[in-house]
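Notes to accompany the following structure.
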2 protein chains.
Amino acid sequence: MRTEAAFSSDITALNELLAELFSQEQEFAPNSEAQPKGLLMIINNPDAGVVLLARRGEKIVGMVNILFTISTALGARVALLEDMIIASASRGEKIGTQLLTEAILLARSRGCKRITLLTDGANQSAQRFWAKQGFIVSSMIPMRISLE
Amino acid sequence: MRTEAAFSSDITALNELLAELFSQEQEFAPNSEAQPKGLLMIINNPDAGVVLLARRGEKIVGMVNILFTISTALGARVALLEDMIIASASRGEKIGTQLLTEAILLARSRGCKRITLLTDGANQSAQRFWAKQGFIVSSMIPMRISLE
């Protein structure tokens, strides 16, 4: 298994993984037109972030996005971690842990002093995974407004 | 009162507002070295975001940051809203509502399809303010890891 930054040629496979992810999440629904657009925006804009994928042979078995932003509290670049998913056929093999380790190394090497993610409030197994990897629950509450 | 994008010459005044904000928030503490660095990173990088301020005469009476990132779920640019604070001497005059209206217009004009913020879990008056402005509580839970 190797991890590497995604290319535009990977988008079809990544789009399938995202469809799997968004059908599991409470607040999102798969959108096969929107997802490739978003992936391409990140892949074409290295200052915005990196789509990191786990590949075994020719097959993409997992993905995670690291998006860069800036914190005034830390006076530094920080990262958002989004869209982490391991293909259902490849779970239980610690691929998620390996991929996350690489994502954290990448964020650190790009000068990020913190990583924040939003995890599904109803998905306790995801929360346990993140906690095991060193992520701490924040007491802050996310609120959103749609501009569509 | 007028709203405008901050310049580097505004950083000293903005730094005082941030110190006030971070002394109120549960998860943050003021850091007078970090804050100006973070502000300058945003001001110098229009693709990363905009520091929007409310000015009355020469005096800065409020601020809010709009930071740009990308959503694969929406296939579009989205915004994070951070660091919104009105100077204590200028509260109760609807400056926050005006500033937020401008921030939403700005995000929309820059192609953002959603704005997400994290608000203090203990600050019910802030939660009421955001709800009144159209923000909806997400069921997702923020988790963070420090890379310092």
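The values are calculated or read from the model by the stated rules, or taken from the named source; none is laboratory data. Quick caveat: nothing in here was measured; it's all calculated off a predicted structure. Counting neighbours? That spans all protein chains shown, and the Cβs are built from the backbone with ideal geometry, glycine included. Ligands, DNA and RNA are excluded from the accessible area calculation, which covers all protein heavy atoms including side chains. Shrake-Rupley method; radii C 1.70, N 1.55, O 1.52, S 1.80 Å.
Which is touching a helix residue (DSSP H, G or I) at 6+ places or on another chain (Cβ under 8 Å), open to solvent by 30 Å² or more (accessible area, probe 1.4 Å) and closer than 15 Å to B:LEU147 by Cβ, of A:ARG77, A:ARG108? I'd like the intermediate steps shown before the answer.
Details: A:ARG108 fails: touching a helix residue (DSSP H, G or I) at 6+ places or on another chain (Cβ under 8 Å).
Only one candidate passes the filter, namely A:ARG77.
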Scanning the range B:1-39 for residues that are aliphatic (A, V, I, L, M) and farther than 14 Å from B:LEU52 by Cα, the one farthest from the other protein chains (Cβ to nearest Cβ) turns out to be B:ALA19
Kindly evaluate A:LEU17 against the criterion of being assigned to a helix (DSSP H, G or I) and open to solvent by 50 Å² or more (accessible area, probe 1.4 Å). no
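Where in the range A:33-148 are there helices (runs of 4 or more DSSP H), lying fully within it, with 1 or more residues that are free of Cβ contacts under 8 Å to residues at least 12 places away in the same chain and closer than 23 Å to B:ARG77 by Cα? Write out each step before concluding.
On the way: elements: A:34-43, A:95-109, A:124-132.
In the range A:33-148, A:34-43 are the helices (runs of 4 or more DSSP H) which contain 1 or more residues that are free of Cβ contacts under 8 Å to residues at least 12 places away in the same chain and closer than 23 Å to B:ARG77 by Cα.
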Matching residues in the range A:20-32 - criterion: being under 14 Å from the mean Cα position of the chain (by Cα), farther than 15 Å from A:LEU81 by Cβ and assigned to a loop (DSSP other than H, G, I, E, B): none
Checked the range A:64-99 for anything of a type in the set (D, E, K, R) and within 11 Å of another protein chain (Cβ to nearest Cβ); matches are A:ARG77, A:GLU82, A:ASP83
